[in-house]
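Inspection log for the structure reproduced underneath, given as structure tokens.
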Amino acid sequence: MPAGTKRPGSLQSQLLAGTGLILFLAFATAVSGYLSLHRLQTGVQVALNEVSRIRELGLQVENEFLSARQNESNFLSNWRSLGFEMAAEQFVTANQDHLERAQAYLDALEGLVATSHDPQLQALTDEIGNLRPLLVDYETGFQTTVDQIRERSRPRGLEDTLTSELNRLEADVTPLANPEFRQLILQIRANEQAYFSTGRQEYVDNVHRLVSRFTDLVKTSPRSELVAGDTHLGVLDLVGRAQSYLGLFSRLVALDQGIYLSTTTFQKITGDIDRIAAEIVSTSEAGLSRARNQLQLAGRQATMIMILSGAVALALGVLITTALARRIVPPLSRLTQAAEEIGRGNLEQSVSPGGAAELVTLAQAFNAMAGRLRQTLSTLEQQVAERTRGLQTAAEVARVTTSLLDPDVLLRQVVELVQGRFNLYYVGLFLLDEERRFAVLRAGTGEAGRQMLAQKHKLEVGGRSMIGQCIADSRARIALDVGEEPYRFDNPLLPQTRSELALPLRSRGRVIGAMTVQSDRPAAFDEADIAVMQTMADQVAVALDNARLFAETQSALAELEAVQRRYLGQAWSAYMAARAVSGYEQTEGGLVSLGSGVLPEARRAVAQGRALLVSGDGEAGGGLSLIHISEPTRLLSISYAVFCL
């Protein structure tokens, strides 16, 4: 650098300065916005909370009154079907509870409205003052209706007395000879019940008319028709009882009219209550909307302040970024080009250091990364080659297992193949004995394998050995450092073992043995090795199982053939014992039957079931005779032939 030239600061110091300035501006903007929002929020939040609480209380008053109305309606609709006592306990009590809660919420609402800063909300004080007496009037009117219904329907009340009076009158006239008396009583009862169900005036008029007819009938009937057994009913008694019933019925009708008037009165009050409650809710919602609008306005003002501050900070940030980019971009461009070259496969690419100290360090780190990438790629290629070799070995094991049915030959070839392909220290194959208590070594590599086979080496299933644990748990066990494996048999014939892998031989859902794979290098196995070797172990297990099944099938077939031969022999023996032997002679004149004249030698040959060579006796030219018997198999006859030699 020429003398007198100011040395530029480091990239780190420039970045720190620019970042610090930007952070300062951002902090100033945030503080300004926060203070603005805080000032506005202090004034708006109180009003917002007040309005929200007023609205909430207004809704609660409205909901409680609606719930009271619902219980009132349920009581008026169901007191006949449920009975007064049950209906009052279920609905009237609930109505009173809801009204009490509505009054409590109304008190709280009145206090909040009185202290509100919103003039429109303060105007709700008059509405609340009007609502309170209306609630009292509603409660009084409903309670009056309940008392009237209690008087009407209580036990021994007006309705019970009316029913009892009509029952007595019916009991008096039922024995009378004139059936019209009882028919009138039944008509009176029917119209009475129709009135109870509908409340219509026409049934009241019918009852009055029928009672008048009954009275006239009593008065005009001869005294002889008013005799019930030994009792003579007086005209005045019957007329008096009829008039007593009519008076009770009229009182009940009047009481029903009073109930109707009371119900109509307090139900009219509910309209005013609903209107005032709805107005309170509407006014509070309008106040809540105003408070939210004020809060939004405050937010917009704060946003404007933050936008202006952000614009200033952005302008300064652009200037700082432009200055820094002139120092950072060229070295980074060189790094980018080098990265693209590496991405295209040119791993020999490097970057010449230059620029600020940080960029020099970055270039050096990039060159170091490229070197490690070359090394990693070389390692990956080696691992791929190892995995390929493992898969090829698995394929060779598969070919061996499918081409051999002799278990001993199969096991020997598999262990030699696995050891040679994976460059292992030792490979051994164990099979379970018949009792499945011990794993017996059936094949092993090297001198150690031959010695252990000669010693009939075996390990207990579930014992303190990796093979025993592997078979017991039916899963592979790996020891990357055999010194740290708690379940391992320290074999003196294999002193150089540093890592070991025990793999179960599984076929058709059961374990039939295990394979031990040992290396003289620590941590010689990984997950991929385990997967490949477990595949080979499973192939060996299936092949062994297939060989066993093949041997069992061959043995069973041989036994069946032996049994068949014995059976056929016995059958032919019995057949030959019962059948006479006959024969034919071929002469110049043709084929001549011998009848029963069969050579003794032929009989002997048939009995023995084999060919006989008989010397001649000088007759018929002498010489030798060969007697051949065709072996009986599936034919039902036996033949022999005599050849004169």
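The values are calculated or read from the model by the stated rules, or taken from the named source; none is laboratory data. Only a predicted model underlies this, so the values are computations on that prediction, with no experimental measurement involved. FYI the Cβ positions are ideal-geometry reconstructions off the backbone, even for glycines, and counts take in every protein chain you see. Surface accessibility is based on the protein's heavy atoms, side chains included, excluding ligands, DNA and RNA. Shrake-Rupley method; radii C 1.70, N 1.55, O 1.52, S 1.80 Å.
Report whether or not GLN518 is polar (S, T, N, Q) and either closer than 22 Å to GLU460 by Cβ or within 42 Å of the chain's Cα centre (by Cα) (or both). Can you show your working first?
On the way: polar (S, T, N, Q): yes; either closer than 22 Å to GLU460 by Cβ or within 42 Å of the chain's Cα centre (by Cα) (or both): yes.
So GLN518 passes the test.
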Check your understanding: Residue check, LEU441 against (1) open to solvent by 30 Å² or more (accessible area, probe 1.4 Å); (2) in contact with a His (Cβ under 6 Å, 6 or more places away or on another chain), all met but one. Which one?
Key -> (1)
Study note, to complete from the structure: Going through region 265-295 in order, the residues found to be open to solvent by 40 Å² or more (accessible area, probe 1.4 Å) and within 20 Å of GLU110 (Cβ to Cβ) are ASP272, ASP274, ARG275, ALA278, GLU279, SER282, GLU285, ALA286
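So if I check each of VAL542, VAL563, which one is modelled with pLDDT of 85 or more and of a type in the set (Val, Ile, Thr)?
Selected residue: VAL563, the only one of VAL542, VAL563 that is modelled with pLDDT of 85 or more and of a type in the set (Val, Ile, Thr).
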Review point. Within region 50-88, which residues are free of Cβ contacts under 8 Å to residues at least 40 places away in the same chain and among the charged types (D, E, K, R)?
Key: GLU56, GLU85
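Here are some residues: VAL592, VAL581. Which one is at pLDDT below 80, in a strand (DSSP E or B) and of a type in the set (Val, Ile, Thr)? I'd like the intermediate steps shown before the answer.
On the way: VAL581 fails: in a strand (DSSP E or B).
After applying the criteria, what remains is VAL592.
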Point to revise | Yes/no for ARG251 being in contact with an Asp or Glu (Cβ under 9 Å, 6 or more places away or on another chain), in a helix (DSSP H, G or I) and under 26 Å from GLU159 (Cβ atoms) | key: no
Practice item. Tell me which residues, restricted to region 116-139, are exposed (fewer than 15 other Cβ atoms within 10 Å of the Cβ) and in contact (Cβ under 8 Å) with a residue 40 or more places away in the chain. Key: HIS117, GLN120, ALA123, ASN130
Review point. Conditions: (1) farther than 30 Å from PRO155 by Cβ; (2) open to solvent by less than 50 Å² (accessible area, probe 1.4 Å). VAL46 meets all but one. Number of the miss?
Key: (2)
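Inside region 468-491, can you point out the residues that are among the aliphatic types (A, V, I, L, M), part of a helix (DSSP H, G or I) and under 39 Å from the mean Cα position of the chain (by Cα)? Full working, then the answer.
Taking region 468-491 as the starting set, the residues that turn out to be among the aliphatic types (A, V, I, L, M) are 471-472, 476, 478-480, 482.
Keeping just the survivors that are part of a helix (DSSP H, G or I) gives 471-472, 482.
Those that are among the aliphatic types (A, V, I, L, M), part of a helix (DSSP H, G or I) and under 39 Å from the mean Cα position of the chain (by Cα): ILE471, ALA472.
Working only within region 255-279, note down all residues that are under 15 Å from ARG69 (Cβ atoms) and either acidic (Asp, Glu) or touching a Leu at 6+ places or on another chain (Cβ under 6 Å) (or both). Full working, then the answer.
Filtering region 255-279 for residues under 15 Å from ARG69 (Cβ atoms) gives 263-278.
Selection gives ILE269, ASP272, ILE273, ASP274, ILE276.
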Study note, to complete from the structure: Across region 423-466, the tally of residues that are more than 45 Å from the chain's Cα centre (by Cα), of a type in the set (A, V, I, L, M, F, W, C) and assigned to a helix (DSSP H, G or I) stands at 4
Point to revise | Among the residues listed as ALA108, ALA88, the single one being open to solvent by 20 Å² or more (accessible area, probe 1.4 Å) and of a type outside the set (Asp, Glu) | key: ALA108
Revision key, fill the gap. The lone condition PHE489 fails out of (1) open to solvent by 60 Å² or more (accessible area, probe 1.4 Å); (2) out of contact with any Lys or Arg (no Cβ under 8 Å at 6 or more places or on another chain) is (2)
Practice item. Just give me the residues in region 69-118 being out of contact with any helix residue (DSSP H, G or I) (no Cβ under 6 Å at 6 or more places or on another chain), under 30 Å from SER197 (Cβ atoms) and at pLDDT 85 or above, in sequence order. Key: GLN70, MET86, GLU89, GLN90, THR93, GLN96
Review point. Does region 510-517 contain at least one residue that is open to solvent by less than 40 Å² (accessible area, probe 1.4 Å), at negative phi, of a type in the set (Gly, Ala, Ser) and modelled with pLDDT under 90?
Key: no
Point to revise | Of the criteria (1) more than 30 Å from LEU121 (Cα to Cα); (2) polar (S, T, N, Q); (3) modelled with pLDDT under 75; (4) open to solvent by less than 80 Å² (accessible area, probe 1.4 Å), which one GLN337 fails | key: (4)
**Study point:** Inter-residue pairs, beta-carbon under 6 Å, first open to solvent by 70 Å² or more (accessible area, probe 1.4 Å) and in region 451-472, second not hydrophobic (A, V, I, L, M, F, W, C), 6+ apart
**Key:** GLU460/GLY468; ARG464/TYR487
Revision key, fill the gap. Taking region 497-509 and the residues there that are in contact with a strand residue (DSSP E or B) (Cβ under 9 Å, 6 or more places away or on another chain) and farther than 13 Å from MET466 by Cβ, the one that is surrounded by the most Cβ atoms within 10 Å (Cβ to Cβ) would be LEU505
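Scan region 250-264 and tell me whether some residue there is charged (D, E, K, R), in contact with a helix residue (DSSP H, G or I) (Cβ under 9 Å, 6 or more places away or on another chain) and either open to solvent by 70 Å² or more (accessible area, probe 1.4 Å) or modelled with pLDDT of 80 or more (or both). Can you show your working first?
The first filter runs over region 250-264 and keeps only residues charged (D, E, K, R), leaving 251, 256.
Narrowing the set further to residues that are in contact with a helix residue (DSSP H, G or I) (Cβ under 9 Å, 6 or more places away or on another chain) leaves 251, 256.
Those still in the list that are either open to solvent by 70 Å² or more (accessible area, probe 1.4 Å) or modelled with pLDDT of 80 or more (or both) too: 251.
Among the residues of region 250-264, at least one is charged (D, E, K, R), in contact with a helix residue (DSSP H, G or I) (Cβ under 9 Å, 6 or more places away or on another chain) and either open to solvent by 70 Å² or more (accessible area, probe 1.4 Å) or modelled with pLDDT of 80 or more (or both), which makes the answer yes.
Does region 224-242 contain any residue that is at pLDDT 80 or above and open to solvent by less than 20 Å² (accessible area, probe 1.4 Å)?
Initially, region 224-242 is screened for residues at pLDDT 80 or above, giving 238-242.
Now restrict to residues that are open to solvent by less than 20 Å² (accessible area, probe 1.4 Å): 238, 242.
Looking through region 224-242, at least one residue is at pLDDT 80 or above and open to solvent by less than 20 Å² (accessible area, probe 1.4 Å).
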